[in-house]
Amino acid sequence: MLKLDVKVDYEKFIQSKQWAAKSHEVKVRQGWRCFDCQKQTRQLEAHHLTYSDLGVEKEGQLVALCQDCHSKRHGYKKRYEEDDMLDMPEDAL
């Protein structure tokens, strides 16, 4: 099998219609539930389990996560929103 060595600009790709369709597809496939915590929400984000096939992801290489679980996967404590200001560290203000 021939594998092309094509570099995809990640930032450009996640703004594309192709990514929007893939992102929507994974959310629908999971029934609008977070893969990690099973919370049902329309505020899901598609997460790459691997970046090896960026732009030509195969089924199973993407999961839908709620914002908090997505942040945890990337090592962030919490995604800050306006109503979370009390939880923010003082040096973040």
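Brief remarks follow.
Rundown of residues vs (1) modelled with pLDDT of 95 or more; (2) open to solvent by 60 Å² or more (accessible area, probe 1.4 Å); (3) among the acidic types (Asp, Glu), yes/no style:
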site: SER16; (1), (2), (3): no, no, no
site: GLY75; (1), (2), (3): no, yes, no
site: LYS78; (1), (2), (3): no, yes, no
site: GLU90; (1), (2), (3): no, yes, yes
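- Inter-residue pairs, beta-carbon under 8 Å, first within 19 Å of TRP32 (Cα to Cα) and assigned to a helix (DSSP H, G or I) and in region 64-79, second modelled with pLDDT under 90 and not hydroxyl-bearing (Ser, Thr, Tyr), 6+ apart: GLN67/ARG79; ASP68/LYS78; ASP68/ARG79; HIS70/ARG79; SER71/LYS77; SER71/LYS78; SER71/ARG79
The values are calculated or read from the model by the stated rules, or taken from the named source; none is laboratory data. Just so it is clear, the structure is predicted and the values come from calculations on it, not from any experiment. Counting neighbours? That spans all protein chains shown, and the Cβs are built from the backbone with ideal geometry, glycine included. For the accessible areas, the whole protein counts, side chains as well, though only heavy atoms, and no ligand, DNA or RNA atoms are used. Shrake-Rupley method; radii C 1.70, N 1.55, O 1.52, S 1.80 Å.
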